1. Is it the case that Ile128 is out of contact with any Cys (no Cβ under 9 Å at 6 or more places or on another chain), more than 27 Å from Gly29 (Cβ to Cβ) and assigned to a helix (DSSP H, G or I)?
2. Among the residues of the stretch 54-68, is there at least one that is over 14 Å from the mean Cα position of the chain (by Cα) and at pLDDT 85 or above?
3. Scan the stretch 72-118 for residues that are farther than 20 Å from Trp18 by Cα and touching a Phe, Trp or Tyr at 6+ places or on another chain (Cβ under 6 Å) and jot them down.
4. So, in the stretch 142-168, exactly how many residues are under 20 Å from Pro95 (Cα atoms) and either among the basic types (Lys, Arg) or within 14 Å of the chain's Cα centre (by Cα) (or both)?
5. Give the number of residues within the stretch 133-180 that are within 19 Å of Ala99 (Cα to Cα), touching a residue at least 24 places away in the same chain (Cβ under 8 Å) and surrounded by 15 or more Cβ atoms within 10 Å (Cβ to Cβ).
6. With buried (at least 22 other Cβ atoms within 10 Å of the Cβ) and under 24 Å from Tyr165 (Cα atoms) as the only criterion, which of Val48, Val25, Val98, Val107 stands out?
7. Does any residue of the stretch 73-96 turn out to be basic (Lys, Arg), modelled with pLDDT under 95 and over 11 Å from the mean Cα position of the chain (by Cα)?
8. Can you pull out the residues in the stretch 86-124 that are touching a helix residue (DSSP H, G or I) at 6+ places or on another chain (Cβ under 6 Å) and of a type in the set (Asp, Glu)?
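The values are calculated or read from the model by the stated rules, or taken from the named source; none is laboratory data. Just so it is clear, the model here is predicted, and its values are computed rather than measured. Here Cβ is always computed from backbone atoms with ideal geometry, including for glycine, and neighbour counts include all displayed protein chains.
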Amino acid sequence: MQDDKDTGAEASRQGLRWYEKLLLVLLFGAVFGMLELFGRDALRAAGVEHKSALLYGIGIIILYASKRVAHFPGSVAVMALIAGVIKTASSHFYPCQVAAVMINGVVFDIFYSTFKGRLDSSLLYRTIAAPVIVYVSYAAFAILAAFVLREGSWGTDGWAGVRSYLFTSAISASLYSIVTIHIGYYLGNALRLLVPVRRLA
C-alpha cells in the first residue's frame, strides 16, 4: 500500500512543467549562492578552520534537497552557476572559488543523475557515495587550481599542495557530508510535500 502511494506521488511529481522545475532550481540556486556569499565570511569571522569543508557539507543539503524536489539533468550545474555569480560579490572573492562551486555542482549532478535510484533508496549507498563525491570534487578542483589557475600558494605548491588539500580539507568535508547528505535527502522529501503537483492526465 505504501509503495502504491509512493508511486502515485512520484507520478504526480513528474507532472511539474519544465518552467516550474526551472523556477524551483533558480530558487534553490539563490539559496546556494547566499550560502556561498555569506557563509565563508561568517566562518572566517568565527575563526573556523577548513571553511570550504564545512560549506561543502552544508551545500550538499541544498543540492540533494533540490534534486528530490525538481530533478532534471544539469539542474545542480545551473544552481552552481547562479551561486558562482552571486559569490563574486564576496568581500574576499577569488576566481578559484567560483571554479570550486561549479566543480562541486557538476560532480554532484553527474553522480545523482547516474545513481539516482540507489542514492534515493539506500541509506548505506548514500553514506558510501558521500566521500566519493567529495574526493572527486576536491581532486578535480585541486588539480585545476594548482596547474591551471595557479592562484596564490596553489601555483607554487603544485602536487604537494594537492596532496595536502586531499589529506586535510577533503577528509573534513567527507565527514561532514556523510551526515549532511542524509539531511538533504530527508529535507527534500519534506519539501516535496509543499510543492504543488499536477496529476498526469
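1. Values: out of contact with any Cys (no Cβ under 9 Å at 6 or more places or on another chain): yes; more than 27 Å from Gly29 (Cβ to Cβ): yes; assigned to a helix (DSSP H, G or I): yes.
Taking the combined requirement at face value, the residue satisfies it.
2. Residues of the stretch 54-68 that are over 14 Å from the mean Cα position of the chain (by Cα), as a first pass: none.
Checked the stretch 54-68: no residue is over 14 Å from the mean Cα position of the chain (by Cα) and at pLDDT 85 or above.
3. Ala83, Ala100, Ile103, Arg118
4. 1
5. Counting residues in the stretch 133-180 that are within 19 Å of Ala99 (Cα to Cα), touching a residue at least 24 places away in the same chain (Cβ under 8 Å) and surrounded by 15 or more Cβ atoms within 10 Å (Cβ to Cβ) gives 19.
6. Numbers: Val48 fails: buried (at least 22 other Cβ atoms within 10 Å of the Cβ); Val25 fails: under 24 Å from Tyr165 (Cα atoms); Val98 fails: buried (at least 22 other Cβ atoms within 10 Å of the Cβ).
The unique qualifying residue is Val107.
7. Step one: of the stretch 73-96, the residues basic (Lys, Arg) are 87.
With modelled with pLDDT under 95 added as a condition, the list becomes 87.
Keeping just the survivors that are over 11 Å from the mean Cα position of the chain (by Cα) gives 87.
Checked against the condition, which is being basic (Lys, Arg), modelled with pLDDT under 95 and over 11 Å from the mean Cα position of the chain (by Cα), the stretch 73-96 yields at least one hit.
8. Asp109
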